[in-house]
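Step one of this worksheet: look at the structure below.
The values are calculated or read from the model by the stated rules, or taken from the named source; none is laboratory data. Just so it is clear, the model here is predicted, and its values are computed rather than measured. Note that each Cβ is placed from the backbone with ideal geometry, even for glycine, and that neighbours are counted across all protein chains shown.
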Protein chains: 2
Amino acid sequence: MGHGAAPAVGSVPRTRLDAANAATVATTLQALATPSRLLILARLREGPLAATELAAEVGMEQSACSHQLRLLRNLGLVTGTRNGRSVVYALYDNHVAELLDQALYHVEHLRLGISDAAGAEADARG
Amino acid sequence: MGHGAAPAVGSVPRTRLDAANAATVATTLQALATPSRLLILARLREGPLAATELAAEVGMEQSACSHQLRLLRNLGLVTGTRNGRSVVYALYDNHVAELLDQALYHVEHLRLGISDAAGAEADARG
DNA sequence: TGAATACATGAATTCTTGTTCATCTATTCC
DNA sequence: GGAATAGATGAACAAGAATTCATGTATTCA
């Protein structure tokens, strides 16, 4: 396969995935499946921030960012707490931060093997 | 907030996420953002399997499953190796397995706090 | 060689989703 | 109260993606 086994980063209890859970899990993971939301979460990973500043930092329009923030709130990934005129957003808890970290880490390492995978795939198609 | 900090499961090097990377990372994470692919990956997590059997086990039509498998192959998440008439699919490497494990683990724990988050959110809007 | 099994693929369709635009609510300060 | 700032939200639009259907390719076996 040309790609050795990766070192285990951390061992985590395995969750059994049935068809019923798949839908809800997929819904939550969709939060990480778009560049805009990924940037939002990555920025909040570094600390809380008001909505407008957040939009500015990730280069989105206020409205678009607000829509995405609502989605992330509904998924329970971020919280928004009013502070005067502004609403300060933050990651909900450590699970979100770690989910992000793990996702970025593994995806980055996966991309190192993509050309490799393409080659193996070509062989398979033979 | 009603939700304490989660115990750190494993510490992983932080990846800096800029706008350029966000798109490619999001593309890869989309593999986990759909019930069908999630079921496919979860099944392969338990061991390699031929395409038709895989489709049967996750309850998909052969064609639909094949389309998703192609996508997963192009992302470098799974490999398909021909074995006689059948093509045996497997997770590409340990990073895929761990990404899956971590995602399932954290999402499951996130969902425990969702009603909590909804409450906090209502307060914030108040 | 011909039938049967196992996958792959292209086109079409339908559903979902992200963004924009316009507008609306809430809060602060005069 | 009125203006200004900060966010939220609904409708509309555009783009993307998942599934189905029909068909194509590859391999085995008689």
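Quick notes
- Criterion violated by A:A22 - all others in (1) modelled with pLDDT under 95; (2) over 24 Å from B:H109 (Cα atoms) satisfied: (2)
- Pair list, Cβ < 7 Å and 6+ apart or interchain, from the range B:62-74 residues that are under 16 Å from B:R43 (Cβ atoms) to residues that are among the hydrophobic types (A, V, I, L, M, F, W, C) and more than 10 Å from DNA strand D (Cβ to nearest atom): B:C65/B:A51; B:C65/B:L54; B:S66/B:A51; B:L69/B:A51; B:L69/B:V78; B:L72/B:V78
- Here is the figure for the range A:51-63: residues that are within 12 Å of chain B (Cβ to nearest Cβ) and more than 10 Å from DNA strand C (Cβ to nearest atom) total 2.
Yes/no matrix, rows are residues, columns are (1) touching a strand residue (DSSP E or B) at 6+ places or on another chain (Cβ under 6 Å); (2) modelled with pLDDT of 90 or more; (3) surrounded by 19 or more Cβ atoms within 10 Å (Cβ to Cβ):
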site: B:S11; (1), (2), (3): no, no, no
site: B:R14; (1), (2), (3): no, no, no
site: B:T27; (1), (2), (3): no, yes, no
site: B:A50; (1), (2), (3): yes, yes, no
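- Every condition in (1) modelled with pLDDT under 95; (2) near DNA strand D (Cβ under 9 Å from one of its atoms); (3) of a type in the set (A, V, I, L, M) holds for B:L71 except the one numbered (1).
- The set of residues in the range B:82-99 being more than 10 Å from DNA strand C (Cβ to nearest atom) and either closer than 16 Å to A:Y105 by Cβ or surrounded by fewer than 20 Cβ atoms within 10 Å (Cβ to Cβ) (or both) consists of B:A90, B:Y92, B:D93, B:N94, B:H95, B:V96, B:A97, B:E98, B:L99.
- Among (1) buried (at least 21 other Cβ atoms within 10 Å of the Cβ); (2) in contact (Cβ under 8 Å) with a residue 24 or more places away in the chain; (3) not in a helix (DSSP H, G or I), the one test that B:T79 misses: (2)
- Boolean, B:T15 is closer than 25 Å to A:L104 by Cα, outside any helix (DSSP H, G or I), within 8 Å of another protein chain (Cβ to nearest Cβ) and within 15 Å of DNA strand C (Cβ to nearest atom): no
- Among (1) charged (D, E, K, R); (2) closer than 25 Å to A:A23 by Cβ; (3) over 14 Å from the mean Cα position of the chain (by Cα) - the single one B:E98 does not satisfy: (3)
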